[in-house]
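Working notes, structure below.
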Amino acid sequence: MKKLAIYPGSFDPITNGHIDILERGCKIFDKVIVAILHNPDKAALFTVEERIAMLEISLNKFKNIEIDTFDGLLVDYAVKKNADAILRGMRAVSDFEYEFQMALMNRRLNRDIQTVFLITGLRWIFTSSSIIKEAARFGGNIDGMAPEVVCKKLKEKFDLTPPST
Ligand code: PNS
């Protein structure tokens, strides 16, 4: 039986750390749905449409993935998609508490959906969407931490792109 995982997140924006987890997940699951939480109450830098566009470009080398959005409870979305598992990445111990809490809440809501944690590559343990946004906001160099399209879009967002001559 083919195994399907949901890889949920805000992806605001996608980073190379997310891609590292996806690469690992794609070796375990037959298909992974990268699912962006559509939450109008949560302030995001990029619109869902912008995030989808960046995901499409960044993930075009993956053959066994799909990009989607969801709202409401993650476990309900997972059931709707007939998923076997929720895939989440773990970087440092600091991620543990939040991830543990979320996984146990999801289990309480639906005992049939398992959360599978994969450990990120060492080089990405300090990479997060928030830290990349913060560095980019003040003109810091974030090259190599996120896909090229993301670095470009961040520079545009913060108006740091040198004017064309
Ligand atoms: O990338 P993030 O922001 O850490 O992702 C968090 C996400 C989207 C996985 C989480 O907030 C989520 O699943 N939200 C949907 C509502 C839900 O089911 N919450 C968990 C149990 S209350």
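When Phe126 is evaluated against the numbered criteria (1) closer than 22 Å to Val32 by Cα; (2) assigned to a loop (DSSP other than H, G, I, E, B), which criterion, by number, is the only one it fails?
(1)
Checking the structure you have, find out if any residue of region 139-148 is in a strand (DSSP E or B) and out of contact with any strand residue (DSSP E or B) (no Cβ under 7 Å at 6 or more places or on another chain).
The answer is yes; a qualifying residue exists.
One line per residue, one yes/no per condition, for (1) within 14 Å of the chain's Cα centre (by Cα); (2) closer than 28 Å to Phe62 by Cβ:
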residue: Asn106; (1), (2): no, yes
residue: Thr115; (1), (2): no, yes
residue: Leu122; (1), (2): no, yes
residue: Ser128; (1), (2): yes, yes
residue: Lys133; (1), (2): no, yes
residue: Gly139; (1), (2): no, no
residue: Ala146; (1), (2): yes, yes
residue: Val149; (1), (2): no, yes
residue: Lys157; (1), (2): no, yes
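Please identify the pairs in which a residue from region 95-107 that is closer than 19 Å to Ala83 by Cα and more than 8 Å from the ligand (Cβ to nearest atom) has its Cβ atom under 9 Å from the Cβ atom of a residue that is of a type in the set (Val, Ile, Thr) and assigned to a helix (DSSP H, G or I), counting only partners at least 6 apart or on another chain.
Arg107/Val75
Please go through region 10-40 and pick out each residue that is away from the ligand (no atom under 11 Å from the Cβ) and of a type in the set (Asp, Glu).
Asp20, Glu23, Asp30
If I filter region 47-56 for residues that are of a type in the set (Gly, Ala, Ser), under 23 Å from Ala136 (Cβ atoms) and away from the ligand (no atom under 13 Å from the Cβ), do I get at least one hit?
Yes, the conditions are met somewhere in region 47-56.
Regarding Gly25, is this residue within 18 Å of Glu148 (Cβ to Cβ) and surrounded by 13 or more Cβ atoms within 10 Å (Cβ to Cβ)?
Criteria not met by Gly25.
Conditions tested, residue by residue: (1) at pLDDT 95 or above; (2) surrounded by fewer than 16 Cβ atoms within 10 Å (Cβ to Cβ); (3) not in a strand (DSSP E or B); (4) not basic (Lys, Arg).
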residue	(1), (2), (3), (4)
Gly89	yes, no, no, yes
Ser94	no, yes, yes, yes
Tyr98	yes, yes, yes, yes
Leu104	yes, yes, yes, yes
Arg108	yes, yes, yes, no
Thr115	yes, no, no, yes
Ser130	yes, yes, yes, yes
Glu134	yes, yes, yes, yes
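The values are calculated or read from the model by the stated rules, or taken from the named source; none is laboratory data. All of these numbers come straight from a predicted model, not from anything done at the bench. With ideal geometry, Cβ positions are generated from the backbone for all residues, glycine too; neighbour counts draw on all protein chains shown.
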